[in-house]
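Okay, structure first, notes after.
The values are calculated or read from the model by the stated rules, or taken from the named source; none is laboratory data. This is a predicted model, so every value here is computed, not measured. Ideal geometry is used to build each Cβ from the backbone, glycine not excepted, and the neighbour counts take in all protein chains shown. Protein only, heavy atoms only, side chains kept; ligands, DNA and RNA dropped before computing areas. Shrake-Rupley method; radii C 1.70, N 1.55, O 1.52, S 1.80 Å.
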Amino acid sequence: MLEIRYVWEWPVRITHWVNALCVVVLALTGFAIGTPILVAGDGSYVMGWVRFVHYVAAYAFTVSVLARFYWMFAGNHHASWRAFIPWTTAVGRRNFVKMLRYYTFTGKQISYEVGHNPVAALAYAGIFALFVFQIVSGFALYSQYNPGGFMAGLFAPLLNLVGNQWLRLGHHGVMWLLLGFFINHVYSGWLMDVKERNGTMSGIVSGYRFIEPRDL
Amino acid sequence: MSKRIAVDPITRIEGHLRIEAQIEGGKITNAWSSSTAFRGIEAILKGRDPRDAHHFTQRFCGVCTTVHSMASIRAVEDALKIQIPDNARLIRNLIMGIQNVQDHVIHFYHLHALDWVDIVSALSADPAKTSQLAQSISDWPKSSTTYFKAVQGRIQAFVNTGRLGPFQNAYWGHSAYRLPAEANLMAVAHYLEALEWQKEVIKIHAILGSKNPHPQTFLVGGMAIPVDPDSQNALNADKIAYIGKLLKQARLFVEQVYIPDLLAVASFYKDWAAIGGGVGNYLSYGDFPMDNSGSVSSLYFPRGIIMGKDLANLMTVDESKITEYVTNSWYSYAGGDNKGLHPYDGETTPNYNGPKPPYEFLDTNGKYSWVKSPRYNDQPMEVGPLARILVAYVGGNPDVKGVVDFVLGKLGVGAGALFSTLGRTAARGVDALIMARKNEVWLQQLADNMGRGIYETFNKEKWDPATWPKEARGFGFHEAPRGALGHWIRIENQKIANYQAVVPSTWNAGPRDPKGQLGPYESALVGTPIADEQKPLEILRTIHSFDPCLACAVH
Amino acid sequence: MNSEQIPEPISIPEEILQKWEAKGVSRRDFMKFCTAVTATLALPVSFIPQVAAAMDDQRLPVIWVEYQSCSGDSEAFLRANQPTAAEIILDVISLEYAEVVMAAAGHQAEQAKWAAMEKYKGKYLLIVEGSIPTGAGGAYCTVGGESAVDSAKKLIQNAAATITVGTCASFGGIPAAAPNPTGAVSVRELVPGAAIVNLPGCPVNAENLTATIVHFLTFGKLPAVDALGRPKFAYGKRIHDNCERRAHFDAGQYAEDFGDAAQRQGHCLYKLGCKGPETFHNCPTIRYNEGTSWPIMAGHGCIGCSEPGFWDTMTPFYRRLPQVPGFGIEATADKIGLGLVAATAAAFAAHGIASACRKGDAMESDKLKREE
Ligand code: HEM
Ligand code: HEM
Ligand code: NFV
Ligand code: SF4
Ligand code: SF4
Ligand code: F3S
Ligand SMILES: [Mg+2]
């Protein structure tokens, strides 16, 4: 019997979609900051707006990521921080290998999961790390407009250690990594949706997934 | 009795120069020139973007700033076969031209003058007589008795503090100082005026290129400073007028102060027209293109070589005959240290084997300098304003001929007097005068172009590295204030594969070659009289006459 | 207008003015000078009398040494305007040693340096130009036979304070650029913890130098500095945030090529590689050569010449971002990133096709369903 289970609680879903939207907006505006292709006539404020949108999205994104971090401790076990490090348990390791073999066409079995599949979970751990990097490097770059300020003081050691150009290059480069993840992510979601037929895709909207308890 | 002395640091120059000399019977019998500092910028350049190179090379030197940018972009433009727009040529000529004028004046008053002028004796001068003297040699307005009295008062007040600062411990009162007190006072006044003047006229570099030292305006393919009479952010009529004003100020000072002072001082030191000749071979690359053809014949100062002081025989320059030796320099060559390398294949691999600092004397039997030994056809060559002027004089530049004949006539000496310490110092003045006048012509041409609606300053055709060949090589020549400057570049896969600079002061300050031939400084010192080996003022005179720049020489 | 903003009438004591007049400096010039210096230091005008009084003190002994330098900072000093180099050398400080201008040479010059160090121990101001090479046992730079390492340490340790002029002395500069063939270090790296104020710039802006000297004279201490040892009055803001072309940046008006109409009209140089957004310096406000110009005003982007390591981090100078380490010169972050994304997309497209065609990979539950 298929069961319908509530897997993704609302904070997970909301932060997921806020993050997704922000990443898209930040990547678009960030790219436009790095390579201004919009050429303006007199009197416009194109770059000003692009940067403004980037910063607004940056704040929304930061809040959302922090909220998700909070939920890693407050939410259900699918949302827990433990879910992102599958290799810490024997079952997790086994499923991880199983999934990896499936992806690489060396195995036929899909490890059946209620929450994240173990390979995806690992990717999400990496993605959250990249989120943190973007937020830290972004605010470090941002803080430079007012070198005497509190934020600049906070980030000065980082800026002086790494140098603002390398940080900027990193911030720029990670945008591409995130876009690469995006493709991977949507594809894997589609693949699992098709193969697992468990509502992977709709699950992140509704929160519900279809579970065959015997598979667990 | 023979005595070895070391003068280190040689001051009032750029960089770290050390002279060791053997003195016997009141004369120098042997000399060694050494630079004691190395940075390795040629090595730092490897693997970088060739379009960035000029920013790096410009930092060879902050005194002859701009010249290594010029040579560098010319080398890259030669390698990539880039032609620059006419405005870029004129702007470059102006930047180089005013650089030569300003550098020479600073050299004469602030670096060289104290070898001939006894400041302390200026205190006993009669301001009225000084005024008479000044008015007898020039129309320069600052020449009243009150003016010289004020200058003297200022110096007196300074001396009265009992703290002479930069003027302490010098060779004041040395028997080789020969100017009358009045001439000394006049020179001191002009020392101060020149200090004021130099910072004004060099604003031309700021207008055309943001700042001086180290203007930031050169580009491979042209210049960054835009030209547009209808823009407030480009060279427009207003800025042209400002440059014109400064150029006039520059020329008037050279005509009315520098040249008269030079002649006045030289007339007291004519014996120095027989001292300090040196190797007697002169090399000038020529410079200041009069059109955009890139041909040697387009150069205002011609390119050429004079060997063995033979003014009757002007030879052409064959770039492939240039090599650098490191037999006596603290480097090693992969193929052995006794072989000369052409700059395309040049190497900069430091190999210090001298005495461990602190030391008293260098081991001059082995390697003893950070300067390499450039040779042309295996001969040591002197470069600099003297070489430039000599080559132009026999090469038929009418402006140069006129001024040189005028100066020789005023001093009552023949052309042979030019092969000397005094000749070098005089040639520098001639060079400054010629340049100061020529600059105004170039400015006018630039203004004419603007009037005709020609605004182009940059050729972007080859700006994108994707347009470059996989491999390319080129060289850039320039007559820097101190003489013939060459940069050689090899470009591979859009990066610098090798970069070598052979700089005026490398030619002049280099040590011996494997054949034991002395470098120009060394050679010029041999035979120089030394009245007091504790105060070797005469060494300074001859060495300063070359206007040494050791940061340039070693880089 | 707020009454607090109305400046007090400034008066410099009569006897100070008279003293300067006796030295040949007019009242007007002296007032002008004090006002300019006070402004450069970003001090309120009420400080003018204090600045004036400091000028009148016993001249400060100064030792200026050059190591791995190009003398560009010495030259910059000679171009100083507020006050001029001549005024400083004759009236403000007592320049005990400075190789480019001093009359003495050889051991007389050396003797002047060491005598000044002894005589004014703990009281003199040291100015260092150029980096210090630590390689080859110090032999990459010696003066009078002594290594830069040894002489710099002595001079720094005995100074009341040290000012490093230029990026070489402040951060290592060009000699320390990769691969740093001579093991060049900055003054602060050589003697950590010494009282140093860094005045980077390639070369230093003379007005910042004279202002720092005057600050030292006025208050007997060095100005407030940031984490990199740079005085806040000169390095407290980004070029980009004070740039005269900033409006064009915000408006999205950029020069695409040198010499194009936009560049001629003074549009923003961002796309030509300007490093103003990464560089802290007061170039836009004080400019160079008596306020005549500065790099961006002359149509060339900022190359970040006052930032640590700028020869490596700000290059290529005509691109905004540094090269991605390990890739070729043409490989920008965007080209690599785009390649990465394209490769990902291609790989997953292939994976997707392969997966769609794949048979017998279904889950056990699928089988169960079919059996039902
Ligand atoms: C997914 C997250 C983000 C992406 C993909 C992203 C992307 C980018 C990109 C591509 C650039 C252009 C960099 C360059 O070429 O110089 C940029 C600039 C910047 N970003 Fe982000 N960014 C993100 C998050 C953030 C956050 C959280 C902040 C925080 C304030 C931030 C602040 C900045 C700032 C200050 C700049 C420089 C703007 C300027 O110089 O005018 N970014 N971003
Ligand atoms: C069309 C857009 C998207 C869809 C359909 C989608 C779908 C999904 C689905 C189905 C899951 C749950 C899968 C699982 O647990 O294995 C998920 C999780 C996740 N997605 Fe997306 N996603 C989209 C866009 C994005 C974007 C743009 C990002 C960020 C770059 C992103 C980041 C994440 C993260 C970090 C998780 C883990 C969620 C958590 O635990 O908080 N997603 N997404
Ligand atoms: N020698 C030399 Fe230079 C010059 N003039 C350069 O090429 O001084 Ni610094
Ligand atoms: S900081 Fe620049 S100007 Fe100063 S010594 Fe170094 S290279 Fe020369
Ligand atoms: S020119 Fe440079 S510093 Fe000025 S606004 Fe543009 S990017 Fe910023
Ligand atoms: S290159 Fe340097 S001079 Fe100023 S504008 Fe940039 S910091
Ligand atoms: Mg060389």
Would you mind finding the one in B:Asp115, B:Asp86 that is within 14 Å of another protein chain (Cβ to nearest Cβ), more than 16 Å from ligand 1 (Cβ to nearest atom), surrounded by fewer than 24 Cβ atoms within 10 Å (Cβ to Cβ) and acidic (Asp, Glu)? B:Asp86
Are there any pairs, at least 6 apart or on different chains, whose C-beta atoms fall under 6 Å, with the first in the stretch B:115-144 and in a helix (DSSP H, G or I) and the second at pLDDT 95 or above and of a type in the set (Gly, Ala, Ser), and if so, which? B:Ser121/B:Ala181; B:Ser131/B:Ser143; B:Ser131/B:Ser144; B:Ala134/B:Ser143; B:Gln135/B:Ser143; B:Ile137/B:Ala264
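Here's the yes/no breakdown for (1) farther than 24 Å from C:Leu272 by Cα; (2) in contact with a Cys (Cβ under 8 Å, 6 or more places away or on another chain); (3) surrounded by fewer than 24 Cβ atoms within 10 Å (Cβ to Cβ):
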site	(1), (2), (3)
C:Ala206	yes, no, no
C:Thr212	yes, no, no
C:Lys221	yes, no, yes
C:Asp226	yes, no, yes
C:Ala247	no, no, yes
C:Asp250	no, no, yes
C:Gln253	no, yes, yes
C:Phe258	no, no, no
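Could you tell me whether A:Leu177 is facing another protein chain (nearest Cβ under 9 Å), more than 16 Å from ligand 5 (Cβ to nearest atom), open to solvent by 50 Å² or more (accessible area, probe 1.4 Å) and within 26 Å of A:Trp81 (Cα to Cα)? Full working, then the answer.
Details: facing another protein chain (nearest Cβ under 9 Å): yes; more than 16 Å from ligand 5 (Cβ to nearest atom): yes; open to solvent by 50 Å² or more (accessible area, probe 1.4 Å): yes; within 26 Å of A:Trp81 (Cα to Cα): yes.
Against the criterion (facing another protein chain (nearest Cβ under 9 Å), more than 16 Å from ligand 5 (Cβ to nearest atom), open to solvent by 50 Å² or more (accessible area, probe 1.4 Å) and within 26 Å of A:Trp81 (Cα to Cα)), A:Leu177 qualifies.
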Within the bounds of the stretch B:35-52, is there any residue that is out of contact with any helix residue (DSSP H, G or I) (no Cβ under 7 Å at 6 or more places or on another chain), outside any loop (DSSP other than H, G, I, E, B), open to solvent by 10 Å² or more (accessible area, probe 1.4 Å) and under 30 Å from B:Gly527 (Cβ atoms)? no
Output the number of residues of the stretch C:307-352 satisfying the condition of being at pLDDT below 85 and either within 16 Å of ligand 2 (Cβ to nearest atom) or in contact with a His (Cβ under 8 Å, 6 or more places away or on another chain) (or both). 3
Looking at the structure I just gave you, is C:Thr162 assigned to a strand (DSSP E or B), facing chain B (nearest Cβ under 7 Å), away from ligand 2 (no atom under 16 Å from the Cβ) and not small (Gly, Ala, Ser)? no
Just a yes or no: is a residue in the stretch C:37-54 within 10 Å of chain B (Cβ to nearest Cβ), touching a residue at least 40 places away in the same chain (Cβ under 8 Å) and surrounded by 18 or more Cβ atoms within 10 Å (Cβ to Cβ)? no
Against the definition (open to solvent by 10 Å² or more (accessible area, probe 1.4 Å) and not in a helix (DSSP H, G or I)), how does B:Gly409 come out, yes or no? no
Single residue of the stretch C:81-104 satisfying the filter (at the interface with another protein chain (Cβ under 7 Å from one of its Cβ atoms), open to solvent by less than 10 Å² (accessible area, probe 1.4 Å) and within 22 Å of the chain's Cα centre (by Cα)) that is modelled with the highest pLDDT: C:Ala98
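Against the condition more than 16 Å from ligand 4 (Cβ to nearest atom), surrounded by 18 or more Cβ atoms within 10 Å (Cβ to Cβ) and part of a helix (DSSP H, G or I), how does A:Ala156 come out, does it pass?
Spelling it out, it is not the case that A:Ala156 is more than 16 Å from ligand 4 (Cβ to nearest atom), surrounded by 18 or more Cβ atoms within 10 Å (Cβ to Cβ) and part of a helix (DSSP H, G or I).
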Every residue from the stretch A:137-153 that is closer than 27 Å to C:Thr332 by Cα and either open to solvent by 20 Å² or more (accessible area, probe 1.4 Å) or more than 7 Å from every other protein chain (Cβ to nearest Cβ) (or both): A:Ser137, A:Gly138, A:Phe139, A:Ala140, A:Leu141, A:Tyr142, A:Ser143, A:Tyr145
What's the number of the only condition in (1) open to solvent by 10 Å² or more (accessible area, probe 1.4 Å); (2) closer than 17 Å to B:Phe218 by Cβ that C:Ile296 fails to meet? (1)
crowded, with 23+ Cβ neighbours inside 10 Å and without any contact (Cβ under 8 Å) to a residue 24 or more places away in the chain - does that describe any residue in the stretch B:60-83? no
Scanning the stretch B:501-555 for residues that are on the phi > 0 side of the Ramachandran plot and surrounded by 24 or more Cβ atoms within 10 Å (Cβ to Cβ), the one nearest to ligand 6 (Cβ to nearest atom) turns out to be B:His555
Filtering the stretch B:421-444 down to residues that are surrounded by fewer than 24 Cβ atoms within 10 Å (Cβ to Cβ) and of a type in the set (Lys, Arg), which residue is nearest to B:Glu479 (Cα to Cα)? B:Lys438
Could you please find all residues in the stretch B:305-342 being on the phi > 0 side of the Ramachandran plot and in contact (Cβ under 8 Å) with a residue 60 or more places away in the chain? B:Lys309
Quick check: anything in the stretch A:195-207 surrounded by 16 or more Cβ atoms within 10 Å (Cβ to Cβ), within 10 Å of chain C (Cβ to nearest Cβ) and in a helix (DSSP H, G or I)? yes
Which numbered condition trips up A:Met72, out of (1) surrounded by 15 or more Cβ atoms within 10 Å (Cβ to Cβ); (2) in a loop (DSSP other than H, G, I, E, B); (3) in contact with a Lys or Arg (Cβ under 9 Å, 6 or more places away or on another chain)? (2)
Look at B:Ala224 and say whether it is at the interface with another protein chain (Cβ under 7 Å from one of its Cβ atoms) and buried (at least 23 other Cβ atoms within 10 Å of the Cβ). yes
In the stretch C:180-214, residues that are more than 16 Å from ligand 6 (Cβ to nearest atom) and part of a loop (DSSP other than H, G, I, E, B) total 10
Determine if the stretch C:215-223 includes at least one residue that is more than 16 Å from ligand 1 (Cβ to nearest atom), within 11 Å of chain A (Cβ to nearest Cβ), assigned to a loop (DSSP other than H, G, I, E, B) and of a type outside the set (Asp, Glu). no
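For the structure I just gave you, tell me whether B:Ser144 is of a type outside the set (A, V, I, L, M) and open to solvent by 40 Å² or more (accessible area, probe 1.4 Å). Write out each step before concluding.
Numbers: of a type outside the set (A, V, I, L, M): yes; open to solvent by 40 Å² or more (accessible area, probe 1.4 Å): yes.
Yes: the conditions hold for B:Ser144.
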Criterion first (among the hydrophobic types (A, V, I, L, M, F, W, C), within 16 Å of ligand 4 (Cβ to nearest atom) and surrounded by fewer than 24 Cβ atoms within 10 Å (Cβ to Cβ)) does C:Leu155 satisfy it? no
Tally up the residues in the stretch C:264-291 that are within 13 Å of ligand 6 (Cβ to nearest atom) and without any contact (Cβ under 8 Å) to a residue 24 or more places away in the chain, please. 1
